[in-house]
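Structure first, then comments.
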Amino acid sequence: MNKPDYAEDTPGKEVILMGNEAIARGILEGGVIVGAAYPGTPSSEIIETLVKIQKFHPHLILELSINEKVAFEVSYGGAISDLRSVAIMKHVGLNVASDAFMTACYSGTRGGFVVISADDPNCYSSQNEQDNRYFGPHALVPVIEPSSPNEAKEMMKGAFELSEKHNSIILYRTTTRLNHGRGNVTLGDIKTSGRPASYERNPNKWVCVPSNSRVMRIELLARLEKFSEESNTYPFTSIKLSEEKVDGKKLGFISAGVPYSHLVDALNHFNIIDKVSILKIGMVYPPPTKLITQLLEHCDEILIVEELEPFIENLVKQIAFDAKIQKPVHGKDTFPIPGEFPVGLYLEKVAQFAGIDYKTEELPESDIALPPRLPLLCPGCSHRSTYWALKKVEQKLKIKTFKSGDIGCYTLGVYKPLQSMDAQICMGSSIGVGNALAKFQTEKEPVVAIIGDSTFFHSGVPGLINAVYNQNDLLVIIMDNRSTSMTGMQPNPGTGVKITGEPGNRIILEDLVKGCGVLEENIWIEDANDTPKMLEKLEEAILARGNGVRVFISRHVCSLLEIGQWKRQGKKTPVVKVDPDKCVGCMTCIRQFGCPAFVEIEGEPEQDGRKRKKSSIDPDVCRGCGVCVIGVCPYGAIYFEGE
């Protein structure tokens, strides 16, 4: 394997890296030993990059944990053993880890400990766009935020020294644009602390019983006070004051993270960057009070540029109030709260604030009207076949199940044409919510909880135990595709493979279900792509109401992985076709089944001279799963080539 740029030991070399790769490089240069993560876009590539780095720097101890709480605890265990450690997760993952995180912040750390929270403005791949900067004042720990890939690397590298200096956990906040953007990164020295793991037996510090926690809270506040002072001299915070005026006023800007980089571009676009004052904040909490006060006193009017909540804006206004400074401070009265800001918005709002005549360029109209395109399950996805079988059983039994859903690829089943999800909030919620719904389900609307294998391991197990314990009459469908597919095909305990590619102990899903108390006669297991058997066994499982908790494991490897397996084995992808003579153009395959391999074509002229639409299969898209061959076309027009 060729050594990737981010693993090279060539200080001073300039390379182009994705933000997540740059963060991983900063972790390497920061002397980290222990790293744990649960995958979640936009953070997933950080642990994956570290795994690739580990092949050349084997001192790294890495783990893909069962969920974010465990990932935090694993890393925390490393940190209190005097090893530099990092826990990696997306923003909603910190919610899962927050029970441990909030209390561990009291104890602090020994080895440097950084928690990465990758926020997702605009909900590109998330169920919400919460702003995790608020965990800073909530947990009373510093929050730092980089504005470019190179700064992401450097800031991460320095975060471990900062953590050790104050024995404090550091919250490192990014956003999708930084995680997945690319930029120039200058490689630095790769260092390790050289410290062996060592335990410190100090129950007063590490055991969080009330008598200890009351004392540690005072110490936590004292640490925060030190950070409040250091925030003004933090290396990634800078202030530039200008004596010039724009539109008759001394204008000031405050920003951090990716919005700062876009702000600089907008100011350069209007050639006013040297005429305005700018405070770039690297440690967004606690804020650099002295520098903010200095900017407030110097400028006539201030604009705060930040995505999501008015986090910095509220802090600045509080500082201005305490300092009795009365200056116009703008923020969310100019920029919106929701979503990620498009480039044009920066130009528009900066021009508006600076009194510059600027008209947003209108995109030329196109003669081509593109239809709306919803996210789709992949061709050959076994989740589609499970939803299809469930729909067919519903039609036969003349019922309509209420589907309590979960987080994963299968969440895309909410969209047309499948429309097979009725409620979903977070990881593991399908079974948790289903516990309540099952208490008042009707014969014609039985409740089904739908969850994936990785999500079940993550947080579905407690809900299942709860259902068994409370005797809730619930059918749980676990879609087992042997992968954490939505976040990048990472393994999970059901695969028996660790994130490093080394073999681990495989957790047998059905054994775990039995261990939760589900009776063996209430467990069904079937290949998701075997439609006849799926129909038969799903019907059995639905009709077994009154027998307690039932679990149906719908199992078939992710189609993306299956294609890869076939190629490695030298197998050819089966060819599936539509017989144009049998196809009557009912479009069941497109409008109800919804596999993206199906396309509409014009048929040959019929007796009345009209050309009717027919279905066809795009061979470049089809994965050859064959689910459509049996049970999808009412007229039997779909077949395997050669049969």
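Checked against the criterion of being under 17 Å from SER43 (Cα atoms), in a helix (DSSP H, G or I) and in contact with a strand residue (DSSP E or B) (Cβ under 6 Å, 6 or more places away or on another chain), region 158-180 contains one or more residues that satisfy it. Counting only residues that are at pLDDT 90 or above, out of contact with any strand residue (DSSP E or B) (no Cβ under 8 Å at 6 or more places or on another chain) and not assigned by TED's automatic domain parsing to the domain that holds GLY413, region 540-583 holds 1 of them.
For the subset of region 554-583 comprising residues that are more than 29 Å from GLY452 (Cα to Cα) and among the acidic types (Asp, Glu), which member is surrounded by the most Cβ atoms within 10 Å (Cβ to Cβ)?
Let us first name the residues in region 554-583 that are more than 29 Å from GLY452 (Cα to Cα), namely 570, 577-583.
The next check asks that each one be among the acidic types (Asp, Glu); those that pass are 579, 581.
On the way: ASP579: 13, ASP581: 10.
Among those that are more than 29 Å from GLY452 (Cα to Cα) and among the acidic types (Asp, Glu), it is ASP579.
Where residues in region 247-265 are buried (at least 24 other Cβ atoms within 10 Å of the Cβ) and β-branched (Val, Ile, Thr), which of them is farthest from LYS275 (Cα to Cα)? That would be VAL258. Going through region 363-393 one residue at a time, which ones are of a type outside the set (Asp, Glu) and free of Cβ contacts under 8 Å to residues at least 24 places away in the same chain? Passing the criteria: LEU363, PRO364, SER366, ILE368, ALA369, LEU370, PRO371, PRO372, ARG373. Going through (1) farther than 20 Å from VAL141 by Cα; (2) within 27 Å of the chain's Cα centre (by Cα); (3) surrounded by fewer than 23 Cβ atoms within 10 Å (Cβ to Cβ) one by one, PRO286 falls short only on (1).
When VAL207 is tested against (1) surrounded by fewer than 19 Cβ atoms within 10 Å (Cβ to Cβ); (2) in contact with a Ser or Thr (Cβ under 9 Å, 6 or more places away or on another chain); (3) in contact (Cβ under 8 Å) with a residue 40 or more places away in the chain; (4) not polar (S, T, N, Q), exactly one condition is not met: (3). Among the residues making up region 22-52, those that are of a type outside the set (A, V, I, L, M) and closer than 29 Å to PRO196 by Cβ are ARG25, GLY26, GLU29, GLY30, GLY31, GLY35, TYR38, GLU48, THR49, LYS52.
For region 414-530, give me every one of the strands (runs of 3 or more DSSP E) that falls completely inside it and has 2 or more residues that are free of Cβ contacts under 8 Å to residues at least 60 places away in the same chain.
Numbers: elements: 447-452, 475-480, 523-527.
Here the list reads 447-452, 523-527.
Of the strands (runs of 3 or more DSSP E) entirely within region 532-636, those holding at least 3 residues that are charged (D, E, K, R) occupy 598-605, 611-617. Assessment of region 29-47 against the conditions (farther than 24 Å from THR484 by Cβ, surrounded by fewer than 18 Cβ atoms within 10 Å (Cβ to Cβ) and not assigned by TED's automatic domain parsing to the domain that holds SER261) yields no matching residue.
Here the condition is being touching a residue at least 24 places away in the same chain (Cβ under 8 Å), over 18 Å from the mean Cα position of the chain (by Cα), in the same structural domain as ALA36 (by TED's automatic domain parsing) and surrounded by fewer than 22 Cβ atoms within 10 Å (Cβ to Cβ); of GLY108, GLY112, it holds for GLY108 alone.
The values are calculated or read from the model by the stated rules, or taken from the named source; none is laboratory data. Please read these numbers as outputs of a predicted model, since none were measured by experiment. Cβ atoms come from the backbone with ideal geometry, glycine included; neighbour counts cover every protein chain shown.
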